[in-house]
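The values are calculated or read from the model by the stated rules, or taken from the named source; none is laboratory data. Here the structure is a predicted model, which means the values were calculated and not measured. Cβ sites come from the backbone with ideal geometry, for glycine too, and all protein chains shown count toward neighbours. Calculation scope for accessible area: heavy atoms of the full protein, side chains included, ligands and nucleic acids excluded. Shrake-Rupley method; radii C 1.70, N 1.55, O 1.52, S 1.80 Å.
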Amino acid sequence: MQRDYILRLIEQIGAVLIALRKRIVSRSISADEAREALRDVGSRAGFDLDLLKGLSLETLALAVAPTGEVEPSRCWMMAEVLYLDGLQALAEEKALDAQDSLAKAAALYRLVEPGGGMLVGFPEAAMRIEEIEALLDEPPTG
């Protein structure tokens with residue numbers, strides 16, 4: 001019973017993340033709305049976005065695997081929220097913030113690879129990593 005509830009919750013959060021990504025990419029959401037939505041999704045998934053953004057890469061790895069074993073769904077959701085935070089920072093032309101969030105997202109995706117996407121409708125972790133690496137290789141604008 002509880003496992004079914006958790007899977008439904010993960011699917012719901014996944015659907016919210018998919019819709020939010022579309023709005024961020026199309027720039028049909030204000031910066032404030034995007035930040036609030038990202039914080040809300042993180043809270044629903046059981047983590048604080050601002051805290052994640054403040055962690056070092058080493059500490060971030062410990063946060064998703066305190067016992068040494070990564071919980072893939074939680075790690076994927078953290079990665080996806082940081083990825084979307086990075087996309088939003090790019091939209092706002094905040095290159096350093098974008099680079100930081102995207103690098104952290106890539107590190108988390110690497111922890112779930114090669115297991116790949118944990119949420120229905122998401123690409124494999126390797127695809128997200130490739131996308132992030134391409135974004136990080138682009139020269140900053142603005």
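Key figures for this structure:
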read-out	value
Test: residue in region 53-70 that is open to solvent by less than 80 Å² (accessible area, probe 1.4 Å) and under 17 Å from VAL16 (Cβ atoms)	no
Residue that is closer than 19 Å to GLU131 by Cβ and small (Gly, Ala, Ser), where the choices are ALA31, ALA63, ALA45, ALA95	ALA95
Residues of region 71-95 that turn out to be assigned to a loop (DSSP other than H, G, I, E, B) and either within 19 Å of ALA19 (Cβ to Cβ) or touching a residue at least 60 places away in the same chain (Cβ under 8 Å) (or both), as a count	1
The one condition in (1) touching a residue at least 40 places away in the same chain (Cβ under 8 Å); (2) closer than 15 Å to LEU108 by Cα that LEU38 fails to fulfil	(2)
Test: LEU87 is more than 20 Å from ILE6 (Cα to Cα), touching a helix residue (DSSP H, G or I) at 6+ places or on another chain (Cβ under 9 Å) and modelled with pLDDT of 90 or more	yes
Residue match in region 42-51 (condition: touching a residue at least 40 places away in the same chain (Cβ under 8 Å) and open to solvent by less than 40 Å² (accessible area, probe 1.4 Å))	no
Counted residues, region 2-40 - those being hydrophobic (A, V, I, L, M, F, W, C), open to solvent by less than 80 Å² (accessible area, probe 1.4 Å) and within 21 Å of GLU124 (Cβ to Cβ)	10
Subset of region 50-78 (residues that are of a type in the set (S, T, N, Q) and within 18 Å of ILE13 (Cβ to Cβ))	SER73
Inter-residue pairs, beta-carbon under 6 Å, first within 15 Å of GLY46 (Cα to Cα) and in region 58-69, second not in a loop (DSSP other than H, G, I, E, B), 6+ apart	LEU60/LYS104; VAL64/CYS75
Considering residues of region 108-142 that are open to solvent by 30 Å² or more (accessible area, probe 1.4 Å) and in contact with a Leu (Cβ under 7 Å, 6 or more places away or on another chain) only, the residue modelled with the lowest pLDDT	LEU136
